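Have a look at the structure below, then the notes.
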Amino acid sequence: MRRAGILLPVASLPSDYGIGCFSKEAYDFVDALESAGQKCWQILPLGPTSYGDSPYSSFSTFAGNPYFIDPDTLVEKGWLKKDSLLSYDFGKNVHYIDYGKIYKARFPMLREAFKNSGIEASKAFQDFVEENSGWLKDYALFMAIKDENGGRAYLSWDKDLRLRKKEALTSFEKEHGQDILFYEFLQFEFAEEWEKLRAYANEKGIKIIGDIPIYVAMDSADSWANPSLFQFDEDQNPIAVAGCPPDAFSKTGQLWGNPLYNWEYHKETAYEWWIERLKRVFSLYDIVRIDHFRGFDAYYSIPYGEKNAVNGKWEKGPGYDLFKRVKEVLGEREVIAEDLGYITKSVKRLTKRTGFPGMKVLQFAFDSREESDYLPHNYEKNSVVYTGTHDNDTLLGWYKSIIKRDRDYADSYLNIKGLDEKEIPWAFIRAAYGSVSELCIVPMQDYLSLGTEARTNLPSTLGENWKWRMGKKDFTKKLMTRIKKLVDIYRRSGE
């Protein structure tokens, strides 16, 4: 079944409130996807973001981002007055998110809605809290304690709270019941709005492709509430952390800092936590892309306290044993394996054994020095082709930045020498659509022929990432028609 979809993070949707959310514009985007013949909308992780605003660094792998709650929906419910929204400064730039202003405005606005909601009396809310008690109570408590500690990472909290001593937690809960309830309220409202939007997309024949990082953040409710899952010492400090070894792009490697899993413990518990985690994401998404899939085969372990990744070493991951258990409990599910980077034979064997399609990225194809698995003529059907990912430059930005030899190769391969600049991304898009890969995903920026100014993320940097947003009038009927024509030519209607 040949399909096509568009990659656009929820945060990158247009809205009147400084950041994309579950607003009317999200529904308009779904309508545009339908008109363009698309069958998938790929987003980035929906979790509440921490320092750096990365969706891959979240305070919880189970929770949703409160920024995505639609202010207009809160007005419709009678919890806010429309006029009161004018008193909040969400930022004026329609193409770039000002996270500082979003943070300062969004939470006071949400607290105002919470105070007016009377949510405690809601049967639907009570049911939600009970049904999600496995993670929700820990998350709400974690966030309330974090607020009381000025936002500091939990490793710097009072020892009794950090180590979850029963007396300390009970005392805190008594004193801060409303603060804990506030975070439960946010998750209830997030879930209600997201489920409505996802159902709308599904009714239009569009599946949501969600994304989960392999690791959780060190400063997260997951780490704090479940220390036995990770390689921690008795004081809950990590013994080793995640990252990538030195390579041609980085002499000192990448120090991510995420806690590493205690895979022996996970195996002893029949991977119970992973089963619950995947149950949760499949309740949110129709298809799941698992980031850094190679980490299940082997993961890079860096001693805690190191300043870079030079002194790390490779350790064996759970391999197929985890996915065998997942299939036993959850059955067959649609999964995309992010198998990018340096991929060993054992990673390839694991991917093949799971049956999950891997990723093919066109921007990785045109190395004039050697044959590449990413060239379209080398693809296999069970794969997902991307022109680029959230970690790549836009197609146009990338094309203009590569060395002349590689650009000449791309020109010859696609027969695009002398093509108008705005048409260059379309030549790559056409190549992706025409490939044998059963699913083709194109970032929205590439359809808009935008340059580096519209890049979503530059890995290993802070400050300028995750900011770009699409304009309200960017996804035009003319553009929908042009995309739909490609769907028809290359038989990607999903039928």
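What does the charge count around ALA270 come to, taking other residues whose C-beta lies under 15 Å from its C-beta (Lys +1, Arg +1, Asp -1, Glu -1)? Net of charged neighbours comes to 0. Here the stretch 211-301 is treated as a sphere whose radius is the Kirkwood value from Cα pairs; by Stokes-Einstein at 37 °C and 0.692 mPa s it diffuses with a coefficient of 229 µm²/s. Looking at the chain alone, DSSP beta bridges between its own residues are antiparallel in about 40 percent of cases. Amide H contacts under 5 Å for LYS360: VAL384, VAL385, TYR386, restricted to partners 5 or more places along the chain or on a different chain, H placed in the peptide plane at 1.01 Å from N.
Rounded if a/c is under 1.5, else prolate if a/b is larger than b/c, else oblate: which is the stretch 151-254, with a ≥ b ≥ c the root eigenvalues of its Cα gyration tensor? Numbers along the way, then the final one.
On the way: a/c = 3.00, a/b = 1.08, b/c = 2.76.
Since a/c reaches 1.5 but b/c is at least a/b, the shape of the stretch 151-254 is classed as oblate.
Given in Å, the Rg to one decimal and the Dmax to the nearest whole number for the Cα atoms of the chain are 22.8, 72. Farthest toward the positive end of the dipole of the chain, out of ALA140, PHE232, ALA248, is the Cα of ALA248, where the dipole comes from beta carbon charges about the Cα centre. Taking only the Cα atoms of the stretch 351-399, the radius of gyration and Dmax are 11.9, 36 Å.
So how do HIS176, HIS95, HIS266, HIS377 rank on accessible area, 1.4 Å probe, biggest first, that is with the largest at the start? Don't skip to the answer; put the middle values down first.
On the way: HIS176 25, HIS95 70, HIS266 0, HIS377 110 Å².
Putting HIS176, HIS95, HIS266, HIS377 in descending order of accessible area: HIS377, HIS95, HIS176, HIS266.
How long are the three semi-axes of the equivalent ellipsoid for the stretch 254-365, computed from the Cα gyration tensor as the root of 5 times each eigenvalue, in whole Å, largest first?
Numbers: eigenvalues 111, 75, 36 Å².
Largest first, the stretch 254-365 gives 24, 19, 13 Å.
Over 30 Å apart at the Cα level, from the set LYS207/LYS352; LYS24/LYS101; LYS104/LYS251; LYS327/LYS485; LYS207/LYS316, are LYS104/LYS251; LYS327/LYS485; LYS207/LYS316. Give the cross-link partners of LYS417 among the aspartates and glutamates, using a straight C-alpha distance below 13 Å as the criterion and excluding same-chain residues fewer than 8 apart. By straight Cα distance, LYS417 reaches ASP406, ASP408. For LEU7, the amide hydrogen comes within under 5 Å of the amide hydrogens of GLN42, VAL442, MET444, counting only partners 5 or more places away or on other chains and with H modelled in the peptide plane.
In debye, nearest 20: dipole of the chain around its Cα centre with unit charges on the Cβ of K, R (+) and D, E (-)? Can you show the working numbers first?
Working: 68 positive and 74 negative charges, 293 e Å.
Approximately 1400 debye in magnitude.
Here the Karplus relation 6.51 cos²θ - 1.76 cosθ + 1.60, evaluated at θ = phi - 60°, turns the backbone of the stretch 213-227 into coupling constants of x, 5, 9, 9, 6, 4, 8, 8, 4, 4, 5, 5, 8, 9, x Hz, with x for every Gly and Pro.
On the protein heavy atoms, probe 1.4 angstrom, tell me the percent of accessible surface of the stretch 391-495 carried by carbon and sulfur. That share works out to 52 percent.
Peptide packing: for 448-460, 110-122, the average count of neighbouring Cβ atoms within 10 Å per residue gives the ranking 448-460, 110-122, highest mean first. Peptide packing: for 298-306, 211-219, 22-30, the average count of neighbouring Cβ atoms within 10 Å per residue gives the ranking 211-219, 22-30, 298-306, highest mean first. Between the C-alpha center of the stretch 50-123 and that of the stretch 300-333 there is a gap of 34 Å. Roughly speaking, what is the centre-to-centre gap between the stretch 387-439 and the stretch 147-220 when only Cα atoms are used, to the nearest Å? That distance is 40 Å. Considering only PHE114, SER368, GLN126, the residue lying farthest towards the positive end of the dipole of the chain is SER368, judged by Cα position with unit charges set on Cβ.
Per residue, how large is the accessible surface of the stretch 186-260? Use a 1.4 angstrom probe and give square angstrom. Mind dumping the intermediate values first?
On the way: 2870 Å² over 75 residues.
Result: 38 Å² per residue.
Charge tally for GLU453 (other residues, Cβ to Cβ under 13 Å; Lys, Arg +1; Asp, Glu -1): +2. Along the axis of the charge dipole computed for the stretch 397-479 (Cβ charges of +1 for Lys and Arg, -1 for Asp and Glu, origin at the Cα centre), the listed residues LEU448, GLY418, SER435 are led at the positive end by LEU448. Shown in residue order for the stretch 194-200 are the 3J(HN,Hα) couplings computed by the Karplus curve 6.51 cos²θ - 1.76 cosθ + 1.60 at θ = phi - 60°: 5, 4, 5, 5, 5, 4, 5 Hz (x for Gly and Pro).
For the stretch 372-445, give the magnitude of the charge dipole about the Cα centre (Cβ charges: +1 Lys/Arg, -1 Asp/Glu; no others), in debye to the nearest 20.
Working: 8 positive and 11 negative charges, 35 e Å.
Roughly 160 debye for the stretch 372-445.
Close amide H contacts of VAL335 (hydrogens built in the peptide plane, cut-off under 5 Å, sequence separation of 5 or more or a different chain): VAL288. Rounded to whole numbers, the Karplus 3J(HN,Hα) couplings from phi for the stretch 293-301 are 4, 5, x, 7, 7, 8, 10, 8, 10 Hz, using 6.51 cos²θ - 1.76 cosθ + 1.60 with θ = phi - 60°, and x at Gly and Pro.
Under the classification rounded if a/c is under 1.5, otherwise prolate if a/b is larger than b/c and oblate if not, where does the stretch 322-447 fall, given a ≥ b ≥ c as square roots of the Cα gyration tensor eigenvalues? The shape class here is prolate.
The values are calculated or read from the model by the stated rules, or taken from the named source; none is laboratory data. Note that the structure is predicted; figures quoted are calculated from it, not measured. FYI the Cβ positions are ideal-geometry reconstructions off the backbone, even for glycines, and counts take in every protein chain you see. For accessibility, only protein heavy atoms count, side chains too; no ligands or nucleic acids. Shrake-Rupley method; radii C 1.70, N 1.55, O 1.52, S 1.80 Å.
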